[in-house]
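So the structure is just underneath, and the comments pick up after that.
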Amino acid sequence: MSAKKNELLSLTMKRTSEWISSQEIPSDVTVHVGETLFSLHKFPLKSKCGFIKKLASESSNDSNITVIKIQDFPGGAEAFELAIKFCYNMDFEMNAENIAMLRCAAEYLEMTEEHSFGNLEETTEVYLNEVILTSFTDSVKVLRKSQDLLPIAEKVRLVGRCIDSIAYATCQESQNKEDIVDSWAEDLAVLRIDMFQRVLIAMIARGFKRYALGPVLMLYAQKALRGLEIFGKGAKKMEAEQEHDKRLILETIVSLLPKERNAISVSFLSMLLRAAIYLETTVACRLDLEKRMGLQLRQAVLDDLLITSYGDNTMFDVETVQRILMNYLEFEVEGNSVDFASDICELMETYLAEIASDRNINLAKFIGFAECIPQQSRITEDGIYQAIDIYLKVHPNISEVEKKKLCSLMKCQKLSQEASAHAAQNDRLPVQTVVQLLYYEQQSLCEVLSNTDSPKAVETIPSPELSTYNNEFSKLNRENKDLKLELLKVKMKFKELEKEKVFEVMSGLDCSSSVSTASVVKPRLPRKSIISSISRKLGKLNPFGLTQGRTKPDKDRSRRHSIS
């Protein structure tokens, strides 16, 4: 027993002695309440307590002192002391802190009107009805005290009446105030989860809007689930019983969440989902949170998706985020027939780049997630290329076959000019992908040059600059011929040294249509033309594996991860 409890018991004994001394009559009954001893008198007890009267009359003790032992008295020695003071007509204050145990003590000791007029049961009932149940704050206090007085508090309807009073008060207040959270949610957060749940159900039954419960649930969860280490992968530092209690709280909160979209922020849903994974709640609880996040995925930011993985050695729980994405696709795309949002696509590409930096994530999991991002939603392939490049950098030992499979995720023709230039010099990419990039660049250039041969293009060129455009076109024509020669050389080298599979990739490099050499007027092009850029890239292409100097791209990147 703690020193503080011993001190309280000593004070109780001292006060009891003072009462006895004041009566100047020897005590004739001893009551043991738990570990506390009360030396009292039969007459004042029997006159008001039916319970004591019955036990004293049944006692077969031949001595002058009757001994009564009570082990399960509601409220313990403190409540019994107050009840005894009432029997001895001693003054004490009745308030919201002690009314619950006084009412339960009166019920236990049978202090009814049958034994004495104006007895403790009637007195406490009047105080409850006229003072406590008319006040929201006092009702919450009494309900909180009643949690430790079960089941007798339920028997006297103390719990039910307090819950009904709280529900009525909150519904009335919500009609008069817009900001309902600050006024009473803080008070409800002190209740035990079962009482809290019953209060919210009673509020809904009285007409309280369920979507407005969001802020109340958020506040309760923040207090009740405080201390969970959901951002690390260390061992759990809580007792099994405490973990069970937290799990019960979380599952109850999830069951009470409003069904309406946007009633709860996606960041809060992410916190609940992390806690659900950490506490190993039911599968239904976790799936419910994943679906809710899928509905509100457009509000999410990267940090909301970086959920720690506890099942394996990977840093992040990719499977959970993949299910969230699939829920989004189900509700937004299939349900409402709307296009996959480009902002979601960008968010998922950023997430893909983040998980690519995990050395323990396998290729199948990475590709599986990337394939869930619809290709038609990607304006460019820069985000996918960035994630692929990071994965190749972090996983340098994957095979050439795996590299090809990885690079098949992106469409080279949809890369931006900057990303395409970087990829053409990226020695982490397989040779076939680099050649494919150059092929699409040449094909794009051929289309541009073909379009300039149309009469409409000629008519749009100002006549004073015809000679200048003709000179520029002649220069482009010569560079195009040089480019074809260089491509032919590359083909020959690959024929000699590469296997048949590489040869098949290279055989499709011939441009299907030749560029017209007619002397027509062409638009002005920059002096450093695309042909010159591609020509220099092909000159640096090294199919023999020899080490050559490379020009590194600009390191200043606007994205979260730089490509180098």
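The values are calculated or read from the model by the stated rules, or taken from the named source; none is laboratory data. Not measured: the values here are computed from a predicted model. All Cβ positions, even for glycine, are placed from backbone atoms using ideal geometry, and neighbour counts span all protein chains on display. Heavy atoms of the whole protein, side chains included, go into the accessibility calculation; ligands, DNA and RNA do not. Shrake-Rupley method; radii C 1.70, N 1.55, O 1.52, S 1.80 Å.
Worth pointing out:
- Think of a 1.4 Å ball rolled over the protein heavy atoms: the range 266-404 then has 41 Å² of accessible area per residue.
- Neighbours of I52 by Cβ distance under 9 Å: Lys/Arg scored +1, Asp/Glu scored -1, total +4.
- Rg ratio (alpha-carbon, reference 2.2 N^0.38 Å) - the range 252-322: 1.05
- Highest to lowest packing among 288-297, 110-119, 412-421, scored as the average C-beta count within 10 Å: 288-297, 412-421, 110-119
- Sorting the segments 380-392, 145-157 by their mean number of nearby beta carbons within 10 angstrom, highest to lowest, gives 380-392, 145-157.
- Stokes-Einstein D (µm²/s) once Rh is taken as the Kirkwood radius of the range 117-168 over alpha-carbon pairs, at 37 °C in 0.692 mPa s: 296
- Per-selection metrics, the range 36-145 (Cα): Rg and Dmax in Å: 14.8, 52
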